[in-house]
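What follows draws every value from the coordinates through simple rules; no lab data is involved. If you're wondering where the values come from, they're calculated on a predicted model, not measured in any experiment. Using ideal geometry, Cβ is built from the backbone for each residue, glycine included, and neighbour counts are taken over all protein chains shown.
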Amino acid sequence: MDTRVVQAQQQGVYEQAAQMLRDGELVAFPTETVYGLGAVATDEQAVAKIFEAKGRPSDNPLIVHIGTTEQVEQFAQPTALAYRCMEAFWPGPLTLVMDVKENVLAQNVTAGLTTVGMRMPDHPVALALLKAAQAPIAAPSANRSGKPSPTRAQHVFDDLQNRIPLIIDGGRTGIGLESTVVDMTQTPPVILRPGGVTKEMLTRVIGEVKEAKLTDAKEVPRAPGMKYTHYAPEAPVYLIEENPQKIAQALAALADERVALVAPASCKIEAPIRISLGEDIAANLYDALRACDETDATLILVTATSTGGVGSAIMNRLEKAAGGRWYQTTV
Ligand code: TXA
Ligand code: MG
């Protein structure tokens with residue numbers, strides 16, 4: 001299958017893409033977080049193509065995207081707190097897990113769960129596509145399973161060329177990390193995946209919220225996606241504090257390796273391969289992790305960031321990319 005990449009500004013793009021979706025095909029499109037791989041969420045066969053194209057385990061449910069808040073009631077049963085979240089954060093990078101309405105969505109969208117994750121994206125291309133399609137769109141991130149999520153159309157093409165027919169190129173995504181996923185069926189609600197809408201922001205609107213720890217499997221039903229390795233470049237990744245002495249010691253000890261140092265613009269240290277996280281770490285993170293695969297690095301050191309605000313989402317992704325490993329130094 002040939003993969004076409006079309007610019008979002010091109011005439012007739014949305015009508016064409018909507019027709020393909022209605023015909024049961026997949027369309028990749030930008031959102032404010034990362035690129036998504038969409039299919040009509042009521043079409044079981046189309047949704048099955050998503051799992052196949054991504055190589056995604058079938059027990060990992062998909063997020064359903066809608067174009068207006070009102071549509072939520074067709075598919076889910078929001079609680080009072082869920083309505084407050086929608087009012088405050090939709091359109092935006094917040095996925096609400098709610099009880100699903102029976103027999104309206106394709107079974108494979110929810111991977112057999114009684115809940116569904118929904119969000120209204122805040123991106124003109126995603127919203128125009130949802131409007132043209134006049135249907136809910138199931139869309140996971142448009143990467144091959146296990147790879148960093150795509151923040152550019154080129155990333156989608158690199159991962160899914162010849163597996164999907166159409167990519168709408170809307171430029172770089174703004175936030176660069178996937179949406180916050182909150183389980184609204186629990187009291188208090190539980191953050192299953194941290195993202196652009198932070199715990200502090202949620203607390204201001206709905207009061208107490210809990211955070212699912214990667215480890216406390218028994219206490220909370222985690223987002224099934226959290227159990228898989230994610231976001232990982234080919235070479236092994238280690239976290240390190242952004243501390244010049246520590247980094248210098250690590251680089252000296254690793255003289256036999258081709259080390260790629262992935263660090264923000266504030267870090268002035270030279271390394272055999274230097275990949276910048278710029279000033280907006282969230283926006284640049286996945287691009288930087290993918291760039292590692294274009295080098296001959298045998299080991300990747302990534303500097304850690306503080307965990308306040310969106311830092312907690314950044315560290316969540318980095319911990320996963322590193323498989324929880326920190327480079328040990330003596331200084
Ligand atoms: O920003 C985003 O959320 C992007 C864009 C395209 O919208 N989408 C995205 O989808 O990241 P995906 O499939 O890569 O991640 C969805 C996460 C997975 O960890 C999945 O397990 C979890 O949300 N999830 C989906 N439905 C769920 C449910 N009913 N209960 C618990 N977790 C759910
Ligand atoms: Mg994903």
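Could the peptides 121-129, 253-261 be put in order, highest first, of the mean number of other beta-carbon atoms found within 10 Å of their residues? Display every interim value, and only then the final one.
On the way: 121-129: 22.1, 253-261: 16.7.
My ranking of the peptides, most packed first, is 121-129, 253-261.
Can you give the helix-only mean residue ellipticity at 222 nm for the chain, where every DSSP H stretch with n ≥ 4 adds -39500 (n - 2.57) and the sum goes over all residues, rounded to the nearest 500 deg cm²/dmol?
Numbers: 10 runs with 94 residues, N = 331.
Value at 222 nm, helices only: -8000 deg cm²/dmol.
A Cβ-based charge dipole, computed about the Cα centre of the stretch 83-186 with Lys and Arg at +1 and Asp and Glu at -1, lands at about 200 debye.
About the centre of its Cα atoms, the chain shows a dipole size close to 320 debye [charges on the beta carbon of Lys, Arg (+1) and Asp, Glu (-1) only; nearest 20 debye].
5 Å is the cut-off here: which amide hydrogens, built 1.01 Å from N in the peptide plane, fall below it relative to residue 63, excluding neighbours closer than 5 in sequence? Those qualifying (amide H under 5 Å, at least 5 residues apart or on another chain) are 139. From the square roots a ≥ b ≥ c of the eigenvalues of the alpha-carbon gyration tensor of the stretch 237-321, which class results: rounded (a/c under 1.5), prolate (a/b over b/c), or oblate? Prolate shape, in that a/c is at least 1.5 and a/b is the bigger ratio. Go through 198, 177, 150 and say which Cα lies farthest out towards the positive end of the charge dipole of the stretch 141-198; charges sit on Cβ, +1 for Lys and Arg, -1 for Asp and Glu. Toward the positive end, the furthest listed residue is 150. Between 0 and 90 degrees, the angle of helix 44-54 with respect to the longest Cα principal axis of the chain falls at about 10 degrees.
Using a 10 Å cut-off on Cβ atoms, rank the peptides 7-13, 311-317, 321-327, 96-102 from the highest mean neighbour count down. Write out the running numbers ahead of the final one.
On the way: 7-13: 12.7, 311-317: 20.7, 321-327: 16.3, 96-102: 19.1.
Descending mean neighbour count gives 311-317, 96-102, 321-327, 7-13.
Cα centroid separation, the stretch 55-129 to the stretch 16-32: 17 Å. Ordering 42, 318, 139 by the projection of their Cα atoms onto the charge dipole of the chain, which places +1 on the Cβ of Lys and Arg and -1 on the Cβ of Asp and Glu, puts 318 at the extreme positive end. Counting 0.36 nm for each residue step from residue 104 to residue 58 and taking away their Cα separation leaves a gain of 14.7 nm.
For the chain, the relative contact order works out to 19 percent when only alpha carbon pairs closer than 8 Å and six or more residues apart are counted.
Using only side-chain charges placed at the Cβ, +1 for Lys and Arg and -1 for Asp and Glu, the dipole size of the stretch 237-321 relative to its Cα centre rounds to 140 debye.
Return a whole-number percent for the relative contact order of the stretch 4-179, with Cα pairs under 8 Å and 6 or more residues apart as the contact set.
Working: 380 pairs, mean separation 66.6, N = 176.
Across the stretch 4-179, relative contact order equals 38 percent.
Computed over the chain, the percent of Cα pairs more than 38 Å apart is 15. Sequence-distant contacts, meaning Cα pairs under 8 Å at least 6 residues apart, place the relative contact order of the stretch 237-321 at 35 percent.
With angles folded into 0 to 90 degrees, how steeply does helix 281-292 sit against the dominant principal axis of the chain? Use alpha carbons for both and round to 10. Taking Cα atoms only, the helix is inclined about 70 degrees. Based on the Stokes-Einstein relation at 25 °C and a viscosity of 0.890 mPa s, and on the Kirkwood radius from alpha carbon pairs, the stretch 4-179 is assigned a translational diffusion coefficient of 156 µm²/s.
Rounded to the nearest 10 degrees, the angle from helix 244-253 to the longest Cα principal axis of the chain is 80 degrees.
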